[in-house]
């Protein structure tokens, strides 16, 4: 008895319509049909959501959403997390030795930079704090500023050699604070004790350090991306 | 419809897609292997994709993350070679599903999702029945490959169409894309841009807008015209050009080559035959023997049991070697073989500079100024010389981060006196301001200047010649 015939004629692909292979294909036809229906239904459903502008709430919808180029940025940014120790030293948490992956045109963007929304900036900084807790056991970090250097993207263009040079020259790069946070009370109390001891033993001077004197202390803010500056160059 | 999905066909096209996609994902996996601890482990900072819904797989420890990434490299390699193809495809898909959503910044992107779709669909198909080690090692290696059901390839075809439709809908709904702003800023971006070529492209007037509109047109037409015989090749060629341009102009990782590979599902067997014939002719002319496209493999057949044993041993050895190498190098100091360098101490004056917050200078709110005698939407045309009776249009493109501003344009006559002035109150976030001057016959001919001011601060200066 001849085996079932292929639904499409055998083309010049050099294939063979062996009865065993065709039977296998037939056996799996119903499960395959169910898979096809489910797959196409999910695709059409999410495409419909996309048309309406509702991206859906379940993560699974992301696997069927094709929203390439949903938005853009008009500023370039580089992020720095700056920690202040109890003695008033400043240490750079990000970028640091834990951010080994770099991307971007100049290969200088860390993952903190690449997360443009900035949602994970604090989490990344806190991770560095955890990893370096021992290093700063004697002089713990008591305060962290999450900073961002930003500039208009037009300044990424190479400088026009025919353009008049600026006088005085301006960098066009500015700093803003995205967020700041203090470390837990136990670290602070430890730090306070450390500072007091250090101040007495070294010079008997007030605990305000050279760095703190140099740094204008801006007002606190917790709103991400909020400008905290008051002046303009 | 039954014939469309369940017709039998040669597995060559799916095999081609399998080899291409697995090779690209393998490249990506090798690139990420060095950073597996930073990307996917508890020792690296969590940058999870679905953070709002808190839906993510368990975050592995450093050792497990390295083992998994090493396993991913091995299984993508074997899937590419077609050795225990289905097993390799399924394990690769499972590891990708686990690890990549743990790293939003680098690993998880739309190309990862498209790759996952392809791996899963190919895992259900006979993609390993042709051009694979499985085929070479089987006793039937000398026979033509068996036919397979068409539905996996059809699903990949429909996937491509839905990708283009979804992308087109998103772009149509975004006015910044149609105006070219989105592409222009992406080209300028030091994360998404490609460097000098992209920067140069962004400076060409109207080009970003034309490229954006061409992309939308292509994405809208492809899902419909690709099914028509006469349009199949033109659309495939357009696809190759679009994705090549995207790949050259923007940093999109493996997205562009991945899409080009997936587009191969629209080839026909006759296209592959044509390629085979050309290939054969080329090599016959060069007198190189034994290079037939799709020629019969000469590896002696191996029993499935031995093949599986070898597969398992090599998998264990490769994963072990991957882990051993990371342990030896200990890039992140998590295995106790290396002490990480200390954090950089910032000098007080440097910290003071960082903590001095400033708003941008007014000139930095202005992205571009264009002028011309004709206008349409957010474009101006005709850069002079200008004639009396025309209108001088001045289009100022601003960054949306600006606050409420007062824009003033001052027309300075050749003799240095102020000839005219306009004032435009800009609400916060307004991106375009189009104003201008009517060049009436009371204006003498000569070289004029236009000074643009924001809140009284000069931000740009233009020159033009008025003729009669």
The stretch A:9-47: number of residues that are part of a loop (DSSP other than H, G, I, E, B) and either at the interface with chain B (Cβ under 7 Å from one of its Cβ atoms) or modelled with pLDDT under 70 (or both): 9
Count of residues meeting criterion [more than 12 Å from chain A (Cβ to nearest Cβ) and out of contact with any helix residue (DSSP H, G or I) (no Cβ under 8 Å at 6 or more places or on another chain)] in the stretch B:33-67: 3
Every residue from the stretch B:183-215 that is on the phi > 0 side of the Ramachandran plot and more than 8 Å from chain A (Cβ to nearest Cβ): B:206
Residue ranges of strands (runs of 3 or more DSSP E) in the stretch B:353-468 with at least 3 members closer than 24 Å to residue A:76 by Cα: B:366-372, B:391-398, B:457-467
Unique match (being more than 12 Å from chain A (Cβ to nearest Cβ) and buried (at least 19 other Cβ atoms within 10 Å of the Cβ)) among B:155, B:137, B:147, B:159: B:137
Filter result (surrounded by fewer than 17 Cβ atoms within 10 Å (Cβ to Cβ) and either closer than 11 Å to residue B:67 by Cβ or not assigned by TED's automatic domain parsing to the domain that holds residue B:69 (or both)) within the stretch B:322-338: B:324, B:327
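Can you confirm whether residue B:296 is at pLDDT below 90, surrounded by 14 or more Cβ atoms within 10 Å (Cβ to Cβ) and more than 32 Å from the chain's Cα centre (by Cα)? Please lay out each step first, then the result.
On the way: at pLDDT below 90: yes; surrounded by 14 or more Cβ atoms within 10 Å (Cβ to Cβ): no; more than 32 Å from the chain's Cα centre (by Cα): yes.
For residue B:296, the condition - at pLDDT below 90, surrounded by 14 or more Cβ atoms within 10 Å (Cβ to Cβ) and more than 32 Å from the chain's Cα centre (by Cα) - is not met.
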Within the stretch A:48-81, considering residues that are more than 7 Å from chain B (Cβ to nearest Cβ) and in contact with a strand residue (DSSP E or B) (Cβ under 6 Å, 6 or more places away or on another chain), the one nearest to residue A:128 (Cα to Cα): A:81
Residue in the stretch A:144-167 that is more than 7 Å from every other protein chain (Cβ to nearest Cβ), at pLDDT 85 or above, farther than 22 Å from residue A:76 by Cβ and surrounded by 12 or more Cβ atoms within 10 Å (Cβ to Cβ) present: yes
Subset of the stretch B:405-435 [within 14 Å of another protein chain (Cβ to nearest Cβ) and farther than 19 Å from residue B:378 by Cα]: B:405
Any hit, the stretch B:117-131, residues being assigned to a loop (DSSP other than H, G, I, E, B) and away from every other protein chain (no Cβ under 13 Å): yes
Members of the stretch A:82-120 that are in contact (Cβ under 8 Å) with a residue 60 or more places away in the chain, more than 8 Å from chain B (Cβ to nearest Cβ) and either under 12 Å from the mean Cα position of the chain (by Cα) or not in a strand (DSSP E or B) (or both): A:86, A:87, A:88, A:118
Scan of the stretch B:227-265 for residues that are farther than 30 Å from residue B:193 by Cα and touching a helix residue (DSSP H, G or I) at 6+ places or on another chain (Cβ under 7 Å), ordered by number: B:231, B:232
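The values are calculated or read from the model by the stated rules, or taken from the named source; none is laboratory data. All values reported here derive from a predicted model rather than from experimental measurement. Every residue, glycine among them, receives a Cβ derived from its backbone with ideal geometry; neighbour counts consider all protein chains shown.
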